[in-house]
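These notes are about the structure you will find just below.
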Amino acid sequence: MTIVRDMRAPDAEDWRRLWAGYNAFYESTVPADVTEYTLRRLLDPSSPLIGRIAETDGRIAGFTISVLHESTWTMAPSCYLEDLFVDPGLRGGGVGQALIQDLIDLGRAQGWSRIYWHTRTDNARARRLYDKFAGADDFVRYRLTL
């Protein structure tokens, strides 16, 4: 059984391990100081970042990181699911589905207007999961690094 809950300080070491795996999957490097800053914000209840942890059989199996923000299109907050990662050894057991369902349940309970996310077009495994919840739209993402 998978339990999803708020991230806590004792989760830091496992989160860092999973975070490193997430960045390796996307062939990215996040500087150590940015990782630590992100971790501090995830543990700060006043931060707009939302860190959720999935546990399976007492083991940390995955996480989501989301950003709650205002929108010009709705009166209620929107949630951007920025990061979702499941331990590769635990994939296929429903952890990813539990993490997304957790955000849906949290958003409904807190009155959010929507949750949105993106992934690479070739990330077929993730897209099969995401398609269970919502269809992909026809928007193209642009990113300008400053």
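Here are the numbers for the structure shown:
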item: Principal axis dimensions, the chain - Cα atoms, whole angstrom, descending; result: 38, 35, 33
item: Rounded Å value of the spacing that divides the Cα centres of region 96-146 and region 5-34; result: 19
item: Given 12 as the ceiling on other Cβ atoms within 10 Å, longest exposed-site-free region of the chain for trypsin sites (Lys or Arg not before Pro) in DSSP loops; result: 9-119
item: Computed over region 1-109: relative contact order in percent, which uses C-alpha pairs under 8 Å that are six or more apart; result: 27
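None of the figures in this text is laboratory data; all of them are computed from the coordinates on show. Note that the coordinates shown come from a computational prediction; the quantities given were computed from them, not determined experimentally. FYI the Cβ positions are ideal-geometry reconstructions off the backbone, even for glycines, and counts take in every protein chain you see.
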